[in-house]
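I have placed the structure first, in the form of structure tokens, so that the comments after it can refer back to it.
The values are calculated or read from the model by the stated rules, or taken from the named source; none is laboratory data. Nothing here was measured: the structure is a model prediction, and the numbers come from that model. Don't worry about glycine lacking a Cβ; one is built from the backbone with ideal geometry, like all the others, and counts go over all protein chains shown.
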Amino acid sequence: MPSEEKTSSGYLRIIQPQLLVWVLLTYSIGVGLVKLQGGNLDWISILFGSLLGIFLILMRSYLSAFFDHPTSPTCKLHPDDPRYTLLKGMERQTLLVIAMTVLTAGALDTVLLMFRHAINLSAVIMLGLAFLISFFAATPPLQLDKRGYGEVGEAILICNLVPAIGYLLNEPSLHVLLIMLTLPITLLYLALKIVYALETYAFDRTHRVQSMVIRLDWLRAMQSHNYLILIAFLFVAVFALLGQPWALTWPMFLPLLIGVFQIIQVQGIINGAPPRWKMLKLTAAGTFVVMAYLVSFTLWIS
């Protein structure tokens with residue numbers, strides 16, 4: 001009985017709950033923009049649409065686990081990798097069944113949205129891109145997660161495509177304001193992913209694990225992290241000059257102090273200071289989440 005419970009908890013550990021929360025957060029930005037513009041909100045379609053993002057993340061997680069399983073001919077995990085130990089105690093076929101079940105649920109969800117006439121051509125394109133990114137991030141021959149491009153695909157999926165889907169389920173075409181609101185968030189998300197990968201850099205490098213940080217190298221990755229944060233807030237200022245309403249712009253500057261603290265920590269590591277990973281990861285997550293939350297909150301109360 002204890003072993004069965006341990007196995008069941010293992011299948012749940014594959015799920016990354018923070019990603020599911022972040023998907024719902026960014027999805028609310030797309031829907032919130034529709035509300036701000038005075039569009040009609042179909043709450044049933046909105047609910048089904050939010051499930052699509054969750055299904056995509058779950059499908060990617062379980063397909064990745066299926067192809068990473070120690071018995072898989074495509075497994076590239078080192079036996080010292082904690083993920084190797086986790087997956088070793090699971091049935092590989094069960095992982096595939098879960099992934100296909102989630103994929104089927106997503107397909108049924110899409111069909112229901114079609115019956116409700118909530119999906120237009122633009123939404124189909126966004127959904128197609130989101131599916132392709134999620135699918136090929138985990139599956140051979142591309143396996144973008146294993147080539148150092150998974151973080152970029154994940155950022156585009158969560159910060160751009162998911163809010164676009166939320167918007168397009170209620171409007172016929174995208175609005176430039178959605179790009180203005182989500183592009184800085186995307187850059188902050190990439191900075192967050194760099195921070196997460198920095199902690200495991202030594203292990204990843206010695207065990208030939210490909211990640212964005214490995215591709216960039218240690219120093220270049222940290223410098224890129226700092227630039228991403230600065231450029232994110234620079235975009236906020238530029239978009240304000242290009243016509244983004246000030247009521248939406250000023251809340252996006254509020255996480256600037258957190259972002260500066262994040263840069264100071266990474267710059268300290270560059271200068272030789274011992275890293276405090278928990279603090280740095282919390283700060284990086286805070287910069288991203290606070291900006292995304294403030295954008296969503298401002299849209300809904302305006």
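Laid out as a table, the results:
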quantity: Residue satisfying all of: in the stretch 65-85; without any contact (Cβ under 8 Å) to a residue 12 or more places away in the chain and in a helix (DSSP H, G or I); nearest to the chain's Cα centre (by Cα) among these; calculated: PRO82
quantity: Boolean, VAL124 is closer than 25 Å to PHE55 by Cβ and within 14 Å of the chain's Cα centre (by Cα); calculated: no
quantity: Test: residue in the stretch 251-259 that is outside the structural domain of LEU121 (by TED's automatic domain parsing), within 19 Å of the chain's Cα centre (by Cα), part of a helix (DSSP H, G or I) and not aliphatic (A, V, I, L, M); calculated: yes
quantity: Selection status of SER45, of a type in the set (S, T, N, Q) and either in a helix (DSSP H, G or I) or crowded, with 22+ Cβ neighbours inside 10 Å (or both); calculated: yes
quantity: Candidates VAL102, VAL152 - the one that is modelled with pLDDT of 95 or more and under 30 Å from ALA202 (Cα atoms); calculated: VAL152
quantity: Inter-residue pairs, beta-carbon under 6 Å, first farther than 18 Å from LEU228 by Cβ and in the stretch 273-293, second of a type in the set (Asp, Glu), 6+ apart; calculated: TRP277/GLU199
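Let's see how each residue does on (1) part of a helix (DSSP H, G or I); (2) on the phi < 0 side of the Ramachandran plot; (3) touching a residue at least 60 places away in the same chain (Cβ under 8 Å); (4) crowded, with 20+ Cβ neighbours inside 10 Å:
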{"position": "GLN210", "(1), (2), (3), (4)": "no, yes, yes, no"}
{"position": "ARG220", "(1), (2), (3), (4)": "yes, yes, no, no"}
{"position": "LEU228", "(1), (2), (3), (4)": "yes, yes, no, yes"}
{"position": "ALA247", "(1), (2), (3), (4)": "yes, yes, no, no"}
